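The values are calculated or read from the model by the stated rules, or taken from the named source; none is laboratory data. Predicted model, so just to flag it, every value in this text is computed and none were measured. Reconstructed Cβ throughout: ideal geometry from the backbone, glycine too, with neighbour counts over all protein chains shown.
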Amino acid sequence: MSLDDASVAALRAEVGEGALAAQAPVELDGRRIAWTLCTADAAALGRALRVLGERGLGAVVRGGGTRSGFGNPPRRADLVLSTRGFAELHEIDVDEGVAHLGAGVALAEVERALAGSGWELPLGAAGEDSTVGGGLAAAAVDPRRAAPRSAVLGLTVVLASGEVTHCGGRVVKNVTGYDLAKLHVGGHGSLGVIASAWLRLRPVAERVESWRVEEPSAPRALEAARRPSARAALFEGGTGSPPRLLVELAGDAAAVAVDAAWLRETCGARAAGPGELDDAFAAAARVDPVDALRVRIAHLPTRLAKLTGGIEAAGGRWAALPAHGLCWAHFPLPGGAGEARVDEILAATRAAAREGAGRWRLEAAPLRARRGRDVFGDPDAALPLMRALKARFDPAAVLNPGRFAGAL
């Protein structure tokens, strides 16, 4: 789709000539998009969103683009709305352990700014271009930071109506809108565009050690992951490979020493390389966009063994964060595999999710496997509420139309 001259003129009147740029068409889930809007002014963005709504146009919200596959194919896409213009490091308060960051700031840039401060980011990056807003909108997880919502103190969000809203703030106590802020974390930009965020930083650990356990049981993996100083634990296996557990201990030196001794004596653990856990999780998060499919299953931690058996039986490999009740399943999907194989994989995924007493979602797959399916999994009782929220915050379906659960 492309913008007509009148729409281009109307948008540029609100955001300025340079904020709306034509480009060689880019492909996004079967849609060719030839325009990008990028501004550093939240009020101007709000005015532009009003124009889009009045003209029945749709925008795909994009940060660094590292999680573009986390959503359904859009129903329409007239332009890319880039948040990279909100690139200011507003404030880093090392005394209070909080930071106010623009949504378009790269997480890697924040990590560099925090170096030596005694604090670190509570968000994990999916690549050098991962942004603050993108990580929050996708509610992205990694082994050390599995709950992005818990790090959010407040957000500035631009709604499709054009209103610039502030929910929460630099402290939680007596702040109106704190819970509303969490609505936008994991909202995939479908309810509003995150412009900036107040985040609670995390203290840098005094001591960090990595340990590896070969062929552990699921109960033992969960027990290890719940040790007091276990900051991260990744349990993986499948497709004929014996399971492996990687545990990162972090905290004061005495607590780490106690848990390291328990891992050695109880689990037969051996020291792992400092980057081994990161490499393993990066492999778990990586998928061939043409020849593979990745599913995430949220489950009861005690049911992990039941669901991984189903994944292996369907020819998949898996990686889990046992303490957080999250499991990723990878299935090969060769170019010649048709609809029947995709249906077979998703049937196995549903069965595994039932065994784990949880929910599933399709995180990454070729467009042919996502088209006509809801990547957010089977509809549940929350779908009417999500429809009501979309109707309340974005009745004209300006923001990421069709991308969220239920193709909202």
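Based on this model, can you work out whether Gly187 counts as surrounded by 21 or more Cβ atoms within 10 Å (Cβ to Cβ), modelled with pLDDT under 90 and touching a Phe, Trp or Tyr at 6+ places or on another chain (Cβ under 7 Å)?
no
Yes or no, residue by residue, for (1) at negative phi; (2) out of contact with any strand residue (DSSP E or B) (no Cβ under 6 Å at 6 or more places or on another chain); (3) assigned by TED's automatic domain parsing to the domain that holds Ala103; (4) modelled with pLDDT of 95 or more:
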| site | (1), (2), (3), (4) |
| --- | --- |
| Glu27 | yes, yes, no, no |
| Ile33 | yes, no, no, no |
| Leu49 | yes, yes, no, yes |
| Gly64 | yes, no, no, no |
| Gly69 | yes, no, no, no |
| Asn72 | yes, yes, no, no |
| Arg76 | yes, yes, no, no |
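Which condition does Trp198 not pass, out of (1) within 26 Å of Pro73 (Cα to Cα); (2) modelled with pLDDT of 90 or more, if it passes all the others?
Result: Trp198 fails condition (1) only.
Anything in segment 193-221 that is in contact (Cβ under 8 Å) with a residue 40 or more places away in the chain and not in a strand (DSSP E or B)? List them, or say none.
Hits for segment 193-221 are Leu201, Val204, Ala205, Glu206, Pro216, Ser217, Ala218, Pro219, Arg220, Ala221.
Within segment 343-396, restricting attention to residues that are closer than 22 Å to Ala284 by Cβ and among the aromatic types (Phe, Trp, Tyr), which residue is farthest from the chain's Cα centre (by Cα)?
This residue is Trp360.
Which members of segment 209-220 meet the condition of being under 27 Å from the mean Cα position of the chain (by Cα) and within 19 Å of Val256 (Cβ to Cβ)?
The answer is Glu209, Ser210, Trp211, Arg212.
Just give me the residues in segment 15-46 being in contact with a Leu (Cβ under 9 Å, 6 or more places away or on another chain) and in a helix (DSSP H, G or I), in sequence order.
Selection gives Val15, Ala19, Leu45, Gly46.
Which residue, of Ala232, Ala218, is touching a Pro at 6+ places or on another chain (Cβ under 6 Å) and not assigned by TED's automatic domain parsing to the domain that holds Glu96?
Result: Ala232 is the single residue among Ala232, Ala218 that is touching a Pro at 6+ places or on another chain (Cβ under 6 Å) and not assigned by TED's automatic domain parsing to the domain that holds Glu96.
Only one of Ala19, Ala43, Ala48, Ala59 is surrounded by fewer than 19 Cβ atoms within 10 Å (Cβ to Cβ) and not β-branched (Val, Ile, Thr); which?
When all the criteria are applied, what remains is Ala43.
Take the residues in segment 219-232 that are modelled with pLDDT of 95 or more and either in contact with a Ser or Thr (Cβ under 6 Å, 6 or more places away or on another chain) or among the hydrophobic types (A, V, I, L, M, F, W, C) (or both), then tell me which one is nearest to Arg303 (Cα to Cα).
The selected residue is Leu222.
Pull up segment 354-371, narrow it to residues that are modelled with pLDDT of 90 or more and over 20 Å from Ala140 (Cα atoms), then point me to the one that is surrounded by the fewest Cβ atoms within 10 Å (Cβ to Cβ).
Looking at the filtered set, the residue picked out is Ala357.
Do we find that Glu54 is out of contact with any Gly (no Cβ under 9 Å at 6 or more places or on another chain) and under 18 Å from Val158 (Cα atoms) in this structure?
In short, yes.
Name the residue, out of Ala250, Ala269, Ala280, Ala260, that is surrounded by 14 or more Cβ atoms within 10 Å (Cβ to Cβ) and within 19 Å of the chain's Cα centre (by Cα).
Criteria check complete, one pass: Ala280.
May I ask you to list the residues in segment 379-404 that are in a loop (DSSP other than H, G, I, E, B) and among the small types (Gly, Ala, Ser)?
Ala381, Ala382, Ala396, Ala397, Gly402
Quick test of your reading of the structure: Val26 fulfils all but one of (1) farther than 18 Å from Glu163 by Cα; (2) crowded, with 20+ Cβ neighbours inside 10 Å; (3) of a type in the set (A, V, I, L, M); (4) under 24 Å from the mean Cα position of the chain (by Cα). Name the failing condition by number.
All conditions pass for Val26, except number (2).
Condition check: of a type in the set (S, T, N, Q) and assigned to a loop (DSSP other than H, G, I, E, B). Does Ser190 satisfy that?
Yes; evaluated as a whole, the condition is true for this residue.
Those residues that are within 21 Å of Ala381 (Cβ to Cβ) and acidic (Asp, Glu), I need them from segment 313-366; list them, please.
Residue satisfying the conditions is Glu355 alone.
Considering only residues that are farther than 20 Å from Ala320 by Cα and either of a type in the set (Gly, Ala, Ser) or not assigned by TED's automatic domain parsing to the domain that holds Ala181 (or both), which ones fall in segment 136-156?
Ala137, Ser150, Ala151, Gly154
Any idea how many residues of segment 96-107 are assigned to a loop (DSSP other than H, G, I, E, B), on the phi < 0 side of the Ramachandran plot and surrounded by fewer than 23 Cβ atoms within 10 Å (Cβ to Cβ)?
1
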